[in-house]
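In what follows, a single structure is set out as structure tokens and then discussed.
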Amino acid sequence: MRGIETTSSHRALRACAIALAVGGLLAVGGWVLAQDKAAAPPAPAAPAPAVAAPAPPPSKPDPAGTATGGIADVTAKTAGKPTLEEMAEFVGHNRVAINFVWTLVAGFLVMFMQAGFALAETGFTRAKNVGHTMMMNFMVYAIGMTGYWICGFALHMGGLGPISTLGGTNLLDSEFVITLFGKEFGLFGMKGFFLAGSTYDVAVFALFLFQMVFMDTAATIPTGAMAERWKFSSFVVYGFFISMFTYPLFANWVWGGGWLSQLGKNFGLGHGHVDFAGSSVVHMVGGVTALAGAMVLGARIGKYNKDGSANPIPGHNIPMAALGCFILAFGWFGFNPGSTLAGADLRIAVVAVNTMLAGAAGAVAAMFYMWSIYGKPDPSMLINGMLAGLVAITAPCAFVSSFWAFVIGAVAGVLVCWSVFYVERTLKVDDPVGAISVHGTCGAWGVLSVGLFADGTYGDGFNGVEGTVRGLFYGGASQFVAQIIGTLTCFGFIFVASYAFFKAYDLAFGMRVSPEVELEGLDVPEMGGHGYPEIQGPGTLVHGLGGHGGAGKPQPVMAGMMTTERGH
């Protein structure tokens, strides 16, 4: 670890970097300005009708609300006497407005899930790394949003087509396609970079917000699996990579009109790959990325003995992790019901109840499994059991009955226990929080369960295919085939792309902190200060950079703090 020494060459390099950043920002700003000016002006609107005169105030209080609002509140040329056409316009606008509000509020709930991830991951890791772990969860929101705004959204949704629930906006109409076997395969969108030009539109902006927080959920998952030994600088580069490339590409194939969504129209495979709210697009993408990253990064010091057996490294704050789980469960009401993008779609009641039941079933199943096999209901497994149930129901939540929702969640609760031990003991991959199993394994199970249990009561026209979505048990064998193709594609593409990225970065710059830093804890060396200074001492940026002592030699913040005992 270098000391703080500022040389003229360092100053020159920093000045060049700042100049390049400013120049790039100005160039982008000029391009965006040109796009906005070039955007076609909106069609001339009909003369605006006179605003309706406000209804006279009630002569007495209206505690029931039945007398507040009426025909005088309908915008019409003649106040209080709207024509049939004016009434239809007003009703249509209000219906779309309800969908806008629903979509935005659901997006706000999903954004709050970032706090749940931060608490859960930080609670499952050790006290000496809390600042580093928390800041990865904090900054992935800002970094991911920036990358998604630059090009991620365009690659993801640029060729979506009309947004039917948000007024039918058809501005996202540019998809890069290739033709194979006489069929078109959409690969990525080409419109919406920087949300500039014709995509400067209310419906596009609402969709951007909702889809951005979903992307950020996927981006934050690997921070748990790679915690306690990951360089913060490497994490920053990763945040841009997943938000600008890997996530948007797979999301386009499923949600942006890409080739997986068209397996039904092109090859008669059900409704194509169906993932209502993101078991594969969000959770499996995050879980598989976490697997690739953790494999390249390697296990924490002290995790494995010479004979290959694993040592437990408990997290420092189970109550914090449990609180994070509750926040995530609350945010899931935005995640799943919000994916209708329509407050007027009454199926949201079914989606919400299925989501609750699956989460409860996952926690209960994990509790009884751990209790029966290991003699105690491990708190960390109960937390991950609930999250596993929620992850699994995310894809099928709109297509199954409450019975199957409970079954899907219960299977996920047991599956996550098996997977955690398999990843740790057989694959020898160190995952401090169980993210690979919760999101990767159970995400795959959730997607496959659509192809098994979808009961044909919902989904008419989904992905442009007539009829409702049916799984194998309800006569839809081809739907199960589409789900298998999508699951294998997700694993293959995301793992290969992520592993290649992490490996190349590791070879070029190094992803992992030094053993001395890992033993001391990453808070001061990587972040410049302790997460718990009243417990661990007055760490400062000078301490973290090794200002006291030789350059390149990490200095313990307090005498004797760095121990040679492995695993602490």
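The values are calculated or read from the model by the stated rules, or taken from the named source; none is laboratory data. Every value quoted in this text rests on a predicted model; they were computed, and no experiment measured them. In this analysis, Cβ positions are derived from the backbone assuming ideal geometry, glycine residues included, and neighbour counts consider all displayed protein chains. Heavy atoms of the whole protein, side chains included, go into the accessibility calculation; ligands, DNA and RNA do not. Shrake-Rupley method; radii C 1.70, N 1.55, O 1.52, S 1.80 Å.
Before moving on, here are some points about what is shown:
- Percent of Cα pairs in the chain per distance bin of 20 Å, from zero to the largest separation: 19, 48, 27, 5, 0.
- Alpha-carbon centroids, the range 109-133 and the range 243-288: separation in whole Å: 28
- Residues Arg95, Arg300, ordered by accessible area of protein heavy atoms at a 1.4 angstrom probe radius and largest first, appear as Arg95, Arg300.
- Ligands, DNA and RNA excluded, the heavy atoms of Trp371 present near 130 Å² of accessible surface to a 1.4 Å solvent probe.
- Values of log10 I(q)/I(0) for the range 319-385 across q = 0.14, 0.24, 0.27, 0.28 Å⁻¹ run -0.50, -0.97, -1.09, -1.12, by the Debye formula with one identical scatterer at each alpha carbon and no solvent.
- Phi to ³J(HN,Hα) by Karplus 6.51 cos²θ - 1.76 cosθ + 1.60 over the range 499-511, Hz, x for Gly, Pro: 4, 4, 5, 5, 5, 5, 5, 5, 5, 7, 10, x, 9
- Global form of the range 250-338, assessed from the alpha-carbon gyration tensor, a/c cut-off 1.5: oblate
- Remark: spin-label model distance Phe138-Phe368 equals 4.2 nm, labels positioned 7 Å along the Cα→Cβ axis.
- Nearest-ten-degree value, helix 130-147 long axis tilted from longest Cα axis of the chain: 40
- Across the protein chains, with a 1.4 Å probe defining accessible surface, the residues Asp275, Asp201 rank Asp201, Asp275 from largest area downward.
- Spacing of the modelled spin labels on Ser174 and Phe326, each 7 Å from Cα toward Cβ, amounts to 4.8 nm.
- Where GluC sites (Glu not before Pro) in DSSP loops with at most 16 other Cβ within 10 Å are excluded, longest remaining stretch of the chain: 6-465
- Nearest 10 degrees, 0 to 90: helix 285-297 Cα axis against the chain principal axis: 20
- Radius of gyration and maximum dimension Dmax of the range 377-416, Cα, Å: 10.2, 32
- Heavy atoms of Ile436: accessible area, 1.4 Å probe, square angstrom to 10: 10
- Rel. contact order, % - alpha carbon contacts under 8 angstrom, at least six apart, the range 409-487: 23
- Cα-Cα over 19 Å, subset of Lys306/Lys376; Lys376/Lys428; Lys60/Lys81; Lys128/Lys231; Lys306/Lys428: Lys306/Lys376; Lys376/Lys428; Lys60/Lys81
- The Leu84 and Val353 beta-carbon pair, evaluated with R₀ = 35 Å, returns a calculated FRET efficiency of approximately 0.35.
- Against the chain, whose longest principal axis is taken from its Cα atoms, helix 202-225 shows a tilt of about 20°.
- Rough spin-label spacing in nm, given labels placed 7 Å along Cα→Cβ, for Val202 and Trp418: 5.0
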